[in-house]
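**Q** My questions all concern the structure below.
The values are calculated or read from the model by the stated rules, or taken from the named source; none is laboratory data. Being a predicted model, the structure only gives us computed values, none of them experimental. All Cβ positions, even for glycine, are placed from backbone atoms using ideal geometry, and neighbour counts span all protein chains on display.
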Amino acid sequence: MFEFDPSGRYMMPAHFGMPKIEGKPSGWYHDVTAMNVNYVTDREKLQALLPAPFSVADEALITVTYACSKDIDWLAGRGYNLISVNAAVNFDGKKEHLEGSFTLVVWENLADPILTGRELTGIPKVFADIPDHSIRDDVWRCGASHFGSSILDMSIGGLAIPSAEQIATMQAAQEGKDNPMAWRYIPAVGGFGAAISEPTTFPSENVITEIYVGAGKIDWNHLTWEQNPTQFHIVNALADLPILEYRPAVVTKGSTNLLLPRRWPRALAVAKTIKEINKVCFVGGGTMGCANSLVAAIAGYEAVIYDISNERLEQVRQTQAEMGAYLVSTGFCSAKELAASATRISCVSDLAEATKDVDLVSESVIEELSVKRDVHAELDRLCPAHTIITTNTSAMLVSDIEDAVERGDRFAALHSHLGAPLIDIVGGPRTSSSTIDILTRYVRSINSVPMVLKKENRGYVLNALLGPVLTVAMVLVVEGAASKEQVDRAWMKYRQATMGPFGMMDLFGLNVVHDGWQHRPAEKVSIEVQPKIESLLRSYVERGELGSKTGKGFYSYPDPAYEQADFLEDETNTSIANSAMTTVLVGNAVVLAANGVAEPREIDRAWKVGMKLGAGPFEILDDMGLDAFLQLVHGQPDLLSNEEAALIEQYFVERESAGNVSS
C-alpha cells in the first residue's frame, strides 16, 4: 500500500511517488530570448484585478513579456514559449512590505511547466498556442492564440543598443523591486470557497548578455465564449485595460535561473484579521446574524451576537452547529477551524455590553423602517466613536436610515446573501471613502466577495436583477403563457443552472416570497397581475406548502422533478419563457449601468458570484448581440417601462459613440 511521506513534495498523481532524478536539480534556462512591452493603464481598473493586500504601485504599469526558452535543465534540454502579463504593485503583508510585479496571467505552450508552476508556486498559468517569434524588416513579432482565436499580437521595432545612461536608468528603476508575486488558489472540492488561497513570491535570477531598446505595440482581442470558452473572461478583462502611454520596449537575450538557494519560492504572510477591525457585534440573532457571525469568527474575528430575546440567543449554538456542518461539508472551512470559531462567539442580551468595545456593528433586525431607525440611533449613542455601524437591510436605502445617526461618515450598508459569498457595500450621503475601504478589506478577509456600489439602489445589484426574473416567471404562469416546468426548463437550459425560478422560490420559502409581494412597491409589470400572483402564492402558504423546508411547494421534496435526469429532455417549446426572462435580466442590468449604480463588469461579477452561474447579463448580451437584444426589448414592450426602454437605447448610443458597446 502506498503511504505518503509527510515531508515529501508530490505532484498529481501523487500515489506514483516522487521521480528520482540523478544529480542535483537545476533551475537554469540556458537560452532565453525575451520581448517586453510596457504601458501605463488606468489605475482604478487595474486595482480591480488585484487581490488584497496588493495595491497598484506609484505608476499603473503593465508589462507584457514574451519568452522563448530553450535548453532547460529540468526538461532535459527541451524548451517552451510563454507570454506573461504583469502589473507593478506593492504588497503590504503581515510582516513585510515588498515592491515588485504581480503576475496577472501566464500563457504557455507546454503542459509540464503549466502544471508545476500552478501547483508549486501559484503562478496563474494557462495554455495557449505560442509560436516562436519572427523578425521581419527589423520588427520583432510574437503572439498567442487558443482554439484558433487570437488572444494578442505584440511587436517591437526601432531596436537599438541602449546607452550606458539608459541602462543605468533601467537598473535604478528596478532597484529593490525584483519581487515577482502571484496568488496561489486551489478551490475546495464539492463546494464554494478555497482549499488554498494565498499570495506567493517566486524569485529568479536573470543573466543578460544582449539588450536592445525600441518601441513596442500590443493588440488585444475581445473574445466570445464560443471562441475561447475557458479563457475569454481573462482575455477580455486585459483587453479592457486601456493603453494610456507606451514606455520603452526591451528585447533581451541571456539565461534565467528559477532555483535560488537563498531565495526559495514561498507563501507570503497575510494578516488573518485587519488592523481596523478586530471585534464585530451582530445585532439580531436570527438566520442572518447567526450566519454572518459564524463566517466572521471562522476568519478569526471576535464576534458578539445581541438579541432582545433570550430564547433566540439560546438557539444560536444549535443554529450555528447546523450551519457549520454545511460549511465544513462544502470545504469552506475545516472542522478544526469551525471548532476554534466557537470560542470567539459570545451571546449577549444587553446592547450596551455587546457594543462597548466593538469596531464594527452589523444590524439584521426586522425590515421595518421605524424599528431600524430606532436601533441605529441607540447604536450611535452606545458605540465607541471609532465604530463603523452597518445595516444588513435587503430592501431599504442607507439614506432611509442614516440621518438617525450622527456618525454618517461611518455608516453604510453591508448586505450579505445567505448561501453565497457575495456581500454588497453601499455608502450613504455622508459615508467616507475610508469607511468603504475598511469594509471592503473586511469582506475580503472573511473569504467573501465585495460588491461596492457607486450609488444607492433598492435591491442592490443581485436582487435588482433576480427580482424581475422571478416576477416575469410568475407572470408567464398566471397569464397562461407557460407552465412552471416550462419556465424552469427554459432557465436551466439557457442559463446552464441547476434550478429555475420556481425551484429557487421553493428554496427561499414561499411564505417569504408571499410576504415580499404584500409589501413591495407598485411596479409596471406587476400592477395588473399582482392580485393573481398573490393569490397563487397565498394558496400554497395556506396549505402549508412553503417549499423545500416543508417537503412541498411548487415541487415535491426530496428529489424534486427538476433534479431528475429527464427533466430537460422535454421538447416543449421554451423560447417564449427564455425570451421574456432574458429581456428583463439583461434589460435591468443595462438600467443599473446606465443609472451609474455599477460598471458592467461588476454587475456581471455580482450575478455570477451570487447565482453561481457561468455568465453575467452583459456577457449574455455580448453573446446574443446588441441588435438581437433590442429586438427582444421592442417585441415585448410590457416587460420594461417606457422610461427603462428609452434609458437602454440612450445607454447604447452613448457607449457606441465611445467605441465600447457593452463593457
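**Q** For V633, state whether it is within 28 Å of M492 (Cβ to Cβ), at pLDDT 85 or above and more than 18 Å from the chain's Cα centre (by Cα). Talk me through it step by step, then tell me what you get.
**A** Numbers: within 28 Å of M492 (Cβ to Cβ): yes; at pLDDT 85 or above: no; more than 18 Å from the chain's Cα centre (by Cα): yes.
Considered against the rule, which asks whether it is within 28 Å of M492 (Cβ to Cβ), at pLDDT 85 or above and more than 18 Å from the chain's Cα centre (by Cα), V633 comes out as no.
**Q** What number goes with the only condition from (1) buried (at least 24 other Cβ atoms within 10 Å of the Cβ); (2) closer than 21 Å to L439 by Cβ that G300 does not pass?
**A** Evaluating G300 over (1) buried (at least 24 other Cβ atoms within 10 Å of the Cβ); (2) closer than 21 Å to L439 by Cβ leaves (1) as the failure.
**Q** As an exercise: evaluate G408 against (1) in contact with a Lys or Arg (Cβ under 8 Å, 6 or more places away or on another chain); (2) touching a residue at least 24 places away in the same chain (Cβ under 8 Å) and give the number of the one condition it does not meet.
**A** Unmet condition: (2).
**Q** Can you tell me how many residues in the stretch 226-265 are surrounded by fewer than 16 Cβ atoms within 10 Å (Cβ to Cβ) and either of a type in the set (D, E) or in contact with a helix residue (DSSP H, G or I) (Cβ under 9 Å, 6 or more places away or on another chain) (or both)?
**A** 3
**Q** From I243, I277, grab the single residue that is touching a residue at least 24 places away in the same chain (Cβ under 8 Å) and within 30 Å of L418 (Cβ to Cβ). Write out each step before concluding.
**A** Working: I243 fails: within 30 Å of L418 (Cβ to Cβ).
Of I243, I277, the one residue that is touching a residue at least 24 places away in the same chain (Cβ under 8 Å) and within 30 Å of L418 (Cβ to Cβ) is I277.
**Q** Another question, if that's okay. Give just the number: which of (1) of a type in the set (A, V, I, L, M, F, W, C); (2) at pLDDT below 90; (3) under 33 Å from the mean Cα position of the chain (by Cα) does V529 not satisfy?
**A** Here V529 clears every test but (3).
**Q** Would you check if V207 is assigned by TED's automatic domain parsing to the domain that holds A111 and either modelled with pLDDT under 90 or under 17 Å from T63 (Cα atoms) (or both)? Even if it seems obvious, please write down each step before you answer.
**A** Working: assigned by TED's automatic domain parsing to the domain that holds A111: yes; either modelled with pLDDT under 90 or under 17 Å from T63 (Cα atoms) (or both): no.
Answer is no for this residue.
**Q** Only one of (1) of a type outside the set (D, E); (2) crowded, with 16+ Cβ neighbours inside 10 Å; (3) in a helix (DSSP H, G or I); (4) touching a helix residue (DSSP H, G or I) at 6+ places or on another chain (Cβ under 7 Å) fails for K608. Which number is that?
**A** With respect to (1) of a type outside the set (D, E); (2) crowded, with 16+ Cβ neighbours inside 10 Å; (3) in a helix (DSSP H, G or I); (4) touching a helix residue (DSSP H, G or I) at 6+ places or on another chain (Cβ under 7 Å), K608 is out only on (4).
**Q** Right, something else. Taking the stretch 159-185 on its own, how many of its residues are of a type in the set (G, A, S) and either surrounded by 13 or more Cβ atoms within 10 Å (Cβ to Cβ) or part of a loop (DSSP other than H, G, I, E, B) (or both)? Even if it seems obvious, please write down each step before you answer.
**A** Initial filter on the stretch 159-185 (of a type in the set (G, A, S)): 160, 163-164, 168, 172-173, 176, 182.
Restricting the remaining residues to those that are either surrounded by 13 or more Cβ atoms within 10 Å (Cβ to Cβ) or part of a loop (DSSP other than H, G, I, E, B) (or both) gives 163, 176, 182.
The qualifying residues number 3.
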